[in-house]
Amino acid sequence: MSISVIILAAGQGTRMKSSTPKVLHAISGKAMLFYAIDVAKAISDDITIVLSHQAQRIEEIISSEYEGIKIAIQDLANFPGTGGAIRGIVPKYAKTVILNGDMPLVTDEAVASLVGGESKINMSVIELKDSSGYGRVVIEEGKVLKIVEEKDCSDEQKKIPFVNAGVYCVDSDLLMNYIPKLTNHNAQKEYYLTDIIQMGVEDNHAITPIFVQESEFKGVNSKLDLAIAEEIMQDKIKFNLMKQGVSMRLPKTIFIDSRASFEGECILENGVSILGKSTLKNAHIKSNSVIEDSTIINSDIGPMARVRPQSLVEDTHIGNFVEVKKSTLKGVKAGHLSY
């Protein structure tokens, strides 16, 4: 694992209109930042997360789930912006991948394509049917020449469909050389990571565009974005589970936590919710039932039943409207009772 990873997660996320830090908002049961961490851990043992807003709260939650993650606190007062976030970080390895903590849909495969790029700077690029509102990536002969903000685009440049997806793989020495040279001579008075692209071009370094899917690099900046990202994540979770043999009736009506696991032949009827780190083995969950952080083995639940956390249900029938809480049921037929 000769790759270093930096995850940018210092933003305040004001558009979320929430007291919860943006990167801690859950998608399919897991904080969106954790998806970026999981992708990072698949390729690296040198991971640094850049924090600022509610840093202590986020750091405590990270440390409760992961080991070996380094935390850097961005000096927003003096070095705001994505470029300022990286100041002072020294990668361990020759290549550094830069991810965003608010991109929960990025996959291992997409990051691998960046790592496999041939240049000292490889940047993710999305081709959009309508690129209005975005800075354009100018590409000639398969190499990036520059990024032009929309307000600075000529009429011809506004026709360019290529936009920056915001994830990079950069030669670490080059990154450490360029970051101290960034300036804040712009309207926002921020230090922009994107300025390293122009520096690279001026130094005659080839910059390779790695084309990625918009659905995998979608950023979450609002509650609307959060809902859209969760729909995409749910579709991925259910698609993979059905390929593995889980049967679902009207899958669009079913919610499955990303941490849930399934074994054997399982059936989920319409309106079912599987929450937390639930485990189902040869289970039939009938319509509009809820399973929370529990284990269901060789049993059928519902319809309209609820199994609350820390329950074990094995070789058992749970009938309609039954609620089970923190119980172990083996060989039980509970058609009309609560435990």
Quick one: residue 112 ticks every box in (1) assigned to a loop (DSSP other than H, G, I, E, B); (2) modelled with pLDDT under 95; (3) in the same structural domain as residue 52 (by TED's automatic domain parsing) except a single one, so which number is it? (1)
Near pairs, Cβ below 9 angstrom, 6+ apart or cross-chain, from segment 176-191 (within 11 Å of residue 79 (Cα to Cα) and without any contact (Cβ under 8 Å) to a residue 40 or more places away in the chain) to any residue that is in a helix (DSSP H, G or I) and of a type in the set (Asp, Glu): 183/195
Tell me, yes or no, whether segment 58-79 has at least one residue that is under 20 Å from residue 196 (Cβ atoms), at pLDDT below 95 and small (Gly, Ala, Ser). no
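Starting from residues that are at negative phi and of a type in the set (Lys, Arg), keep the ones in segment 178-229 and report whichever is farthest from the chain's Cα centre (by Cα).
Here is the first cut: in segment 178-229, the residues at negative phi are 178-188, 190-203, 205-229.
Filter again for of a type in the set (Lys, Arg), leaving 181, 218, 223.
Working: 181: 30, 218: 9, 223: 15 Å.
Among them, the one singled out is 181.
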Across segment 96-121, what is the number of residues that are farther than 15 Å from residue 144 by Cβ, surrounded by fewer than 22 Cβ atoms within 10 Å (Cβ to Cβ), touching a residue at least 12 places away in the same chain (Cβ under 8 Å) and of a type in the set (D, E, K, R)? 1
Could you run through segment 260-283 and say how many residues are more than 11 Å from residue 246 (Cβ to Cβ), assigned to a strand (DSSP E or B) and without any contact (Cβ under 8 Å) to a residue 24 or more places away in the chain? 3
Is at least one residue of segment 207-218 basic (Lys, Arg) and under 28 Å from residue 27 (Cα atoms)? yes
When residues of segment 322-339 are limited to those that are modelled with pLDDT of 95 or more and polar (S, T, N, Q), the one surrounded by the fewest Cβ atoms within 10 Å (Cβ to Cβ): 328
Residue check: is residue 24 surrounded by fewer than 18 Cβ atoms within 10 Å (Cβ to Cβ), under 25 Å from residue 225 (Cβ atoms) and not charged (D, E, K, R)? no
Report, by residue number, each residue of segment 250-259 that is in contact with a Lys or Arg (Cβ under 7 Å, 6 or more places away or on another chain) and in contact (Cβ under 8 Å) with a residue 24 or more places away in the chain. 256, 258, 259
Return the residue satisfying two criteria in turn: it lies in segment 134-166 and is touching a helix residue (DSSP H, G or I) at 6+ places or on another chain (Cβ under 8 Å) and without any contact (Cβ under 8 Å) to a residue 40 or more places away in the chain, and of such residues it is surrounded by the fewest Cβ atoms within 10 Å (Cβ to Cβ). 158
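Matching residues to (1) touching a strand residue (DSSP E or B) at 6+ places or on another chain (Cβ under 7 Å); (2) modelled with pLDDT under 95; (3) farther than 18 Å from residue 237 by Cβ:
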site: 274; (1), (2), (3): yes, no, no
site: 278; (1), (2), (3): yes, no, no
site: 307; (1), (2), (3): yes, no, yes
site: 320; (1), (2), (3): no, yes, yes
With respect to residue 130, is the statement that it is over 24 Å from residue 43 (Cα atoms), within 27 Å of the chain's Cα centre (by Cα) and either assigned to a loop (DSSP other than H, G, I, E, B) or not assigned by TED's automatic domain parsing to the domain that holds residue 93 (or both) true? yes
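The values are calculated or read from the model by the stated rules, or taken from the named source; none is laboratory data. None of these values were measured; they are calculated from a predicted model. Don't worry about glycine lacking a Cβ; one is built from the backbone with ideal geometry, like all the others, and counts go over all protein chains shown.
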